[in-house]
Structure formats: C-alpha cells, structure tokens
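Chemist: Supplied in structure tokens, the structure appears directly below.
The values are calculated or read from the model by the stated rules, or taken from the named source; none is laboratory data. In this text, all values refer to a predicted model and were calculated from it rather than measured experimentally. Cβ: placed from backbone, ideal geometry, glycine included. Neighbour counts: every protein chain shown. Accessible surface is based on the protein model in full, side chains and every heavy atom, while ligands, DNA and RNA are left aside. Shrake-Rupley method; radii C 1.70, N 1.55, O 1.52, S 1.80 Å.
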Amino acid sequence: MLLSARDWVVPQGEEKLPCERAVRESGARWTILKPSWFFQNFSEDPFLHGQIQNGELVMSAGDGVEPFIDAEDIAEVAVAALTEEGHGGQAYELSGPRLLSLDSVVGEISRATGRVVTYRPLPADEFAAYAVAQHVPEEFAGLLNVLYGWIAEGRFATLADGVQRVLGREPRDFADYVRTTAASGVWGGGGGVERP
C-alpha cells in the first residue's frame, strides 16, 4: 500500500514520483491511494490552523477550487484495500464530493463557528514574503506556492470516484467535517472577529 498524491507529473508526462513506479514494479501485491488535499489541513496543520484562529486564511491559490477530502475516508479506503480482495494492482484517485473554493471553505467555517474568517489570496511573491514573516522556512514557502499554484490553475478541479468504488458510498462532505470540528473548539477563541 502506498499513500501517494493525486497527480505529481508535469503536463508532458515526466514522472515526479518514482516511488509509485518502484511499488508497481516491485513484484508485490500493491494498491496506491492518490488523495486530494485533506479537510484536516485546516484544523491540524499549524500554519493554516493558526490563520483560521486569527480570522484570515492567506494563500496564493487565487480563485481556484479543490475537491478536498476527509482523511477518515482515506483511512477507510486503506483498511478496505488491505483487508478485502480485489484491490491489488489498483491506483485509486480519492476526492471529496464537491469542488470548494477557499472563499467557500472559510464561509463554511465562519457559519459553523459564528466567527468571521476571511480568505485573502496573494500573488506568489507576496505570499512567500508573508509566509517567511510567519516563520515558515523559505524553502517550504516555495513548496506551498507550488501546491497553492496548482489549486489556482485548477489542476485538480475534477471529482474522483475512488471512495465510491472502494466503499460503495459517497465521501464525507466538508460541511459535516466543519460542524464536527467546530464543535471541538479547535477554531474558537483565537482572535477572529465575532459575528454580531
């Protein structure tokens, strides 16, 4: 079993993840999971979580959309692939059930928490400066710009059916994750503007 990513190849087809080739050519029974961005990045990644607590999500993702997925769905697919027959030699692309803009993401978090959280898109150079000022290492800020740039260009702006194929059900919706996460208090009391 390899947890990979939805797509790490350049448009001309140059392979960016030789680990996938190594797994495929290993001679062992293999399954590859290729998920989109996790819902949990907004509550567990210190950089994004801190921004949401402070009431403003800053990224260089422009107006792009992404089919964010619940990490719990990925885990359920992994368990099924490891314990059930029929998944050998399969590469499953995994996504959530809908495309979400970052404005939609913060809108849902705002509604669930009762706090105003906004999204501020920045050009890549301004984002890099912002991230470094927030103590993100310069090299990692550059990687974030690549990843956010893929959202901006709509590189993964399509839904995948891996969850449905493996589990026989729809993936969990972002709104359900937000309600549960907001109830935990993880986004509360961090400097956001309270709604009247």
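Chemist: In the set Gly86, Gly50, Gly55, which member is small (Gly, Ala, Ser), farther than 17 Å from Ala5 by Cα and buried (at least 18 other Cβ atoms within 10 Å of the Cβ)?
Modeler: Gly55
Chemist: Consider Val166 carefully, then state whether it is open to solvent by 50 Å² or more (accessible area, probe 1.4 Å) and in a helix (DSSP H, G or I).
Modeler: no
Chemist: Do the conditions hold for Asp73, that is, is it at pLDDT 95 or above and open to solvent by less than 20 Å² (accessible area, probe 1.4 Å)?
Modeler: Spelling it out, Asp73 is indeed at pLDDT 95 or above and open to solvent by less than 20 Å² (accessible area, probe 1.4 Å).
Chemist: Residues that are within 18 Å of His49 (Cβ to Cβ), surrounded by 17 or more Cβ atoms within 10 Å (Cβ to Cβ) and not hydrophobic (A, V, I, L, M, F, W, C): does the range 114-122 have at least one?
Modeler: The answer is yes; a qualifying residue exists.
Chemist: If only one of Tyr148, Tyr177 is in contact with a strand residue (DSSP E or B) (Cβ under 9 Å, 6 or more places away or on another chain), within 20 Å of Gly96 (Cα to Cα), open to solvent by less than 30 Å² (accessible area, probe 1.4 Å) and in a helix (DSSP H, G or I), which one is it?
Modeler: The conditions single out Tyr148.
Chemist: Looking only at the range 123-145, filter to residues that are within 20 Å of the chain's Cα centre (by Cα) and among the aromatic types (Phe, Trp, Tyr); which one of those is least open to solvent (accessible area, probe 1.4 Å)?
Modeler: Within the range 123-145, the match that is least open to solvent (accessible area, probe 1.4 Å) is Phe127.
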